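Rule-based calculations on the coordinates, nothing more; no lab input. What you see is a predicted model; the values in this text were computed from it and never measured. Glycine gets a Cβ as well: all are built from the backbone with ideal geometry, and neighbour counts include every protein chain shown.
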Ligand code: PLP
């Protein structure tokens, strides 16, 4: 057994890439404000614009559509919080901002749910979409949801759909192109939480079809506390969440976080240049789940038959509680997660597993292993050994 720790919680936060670190150190030396016109200011501006181009390139977007934020949570709030009776997103060429119900997946991340639920839900109303036991939505239900809304007498003008690309807890991937097509067929638009995408699968906004996506740098090797909205086409924020000096082309006030943005841009470049890492991760992941089944034949793997990220395994072993397992694993030098680690410091019941109708034992015992391109077989073996000890202890206690 190796002495180092095995960090297997990449969906919570990925280790900082050396390229991001180097870019941030270089950015720290630049004194200027990106809004200043002198040479120092222009140097800071160049860093921000370089990063903007890299973030756009990572997702096949247009640099003009990139708005830097303090992370995905701010991006979700900027896009989804209603302002009076209107949505915040505005499509150029329209004289009115769009208005209508927000249809969202009930398994969205807390930042999306929180942004939609308050402080004002607007006049359009909210409609949560059920997921099946597979963790996926039924497209036909989405289509009939629009009709139901009209029958209820709600005026539907450009309804918005909010759908995540991949779930942070289970890794289950939604069919975003199909959801985007359904939204567009009704004259609506799609906002997609693509946070768990970069570094795990390729995103191409032109084929995915979402009208806006949002990202968080620390999920793909950038620093924590910086993220971005990427608009596809002409949509913009008509009423910015963070008002101020008109930075980010009027979409987000405040002096840009030049250091964080530099790190995000460098991470985006590194991830794009590294190409699709899913094959290597898939091998480790499949090995893990195969061996886990050998150690604990009664293990339940969430979303086993659904399209899943190559890096994520959410599982529960009957008789082993998540909290106990996390402590034992941590003592053995293994960092795993349970529930949604980035929304709480402690283990709490998962709304995602509940929505999928998972059994009580799964909800009480679900653990999440999430790996990255630098995870080794040794890390996986170390985790399996620790889990095997837990299973033996469970047997002994029975
Ligand atoms: N969306 C998803 C799917 C996430 O996994 C997370 C964080 O775990 C977020 C949004 C929020 O990201 P941040 O905390 O960086 O704002």
Rg to Rh for the chain: what is it, with Cα atoms only and Rh by Kirkwood? 0.99
Residue exposure sequence - 269, 224 - by fewest surrounding Cβ within 10 Å: 224, 269
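Convex hull volume of the Cα atoms in region 159-234, per residue, in Å³?
Numbers: hull volume 7.1 nm³, N = 76.
Spread over its residues, the Cα hull of region 159-234 gives 93 Å³ apiece.
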Compactness of region 354-397 as Cα Rg over 2.2 N^0.38 Å, two decimals: 1.49
Extension gain from residue 394 to residue 381, taking 0.36 nm per residue of separation minus the Cα-Cα distance: 2.7 nm
In degrees rounded to 10, the 0-90 angle between helix 39-58 Cα long axis and the longest Cα principal axis of the chain is 60
Measure of size requested: the Rg and Dmax of region 1-72, with Cα atoms as the atom set and Å as the unit; please supply both. 16.3, 57
If I model a spin label as a point 7 Å beyond the Cα along the Cα-Cβ vector, how far apart are those points for residue 327 and residue 280 in nm? 3.6
Given bins 10 angstrom wide, list per bin the percent of all Cα-Cα distances in region 226-317, short to long. 13, 26, 21, 22, 15, 4
Value at 222 nm in deg cm²/dmol, rounded to 500, when DSSP H runs of n ≥ 4 in the chain each add -39,500 (n - 2.57): -12000 deg cm²/dmol
Based only on other Cβ atoms within 10 Å, what is the fewest-to-most ordering of 29, 108, 141? 29, 141, 108
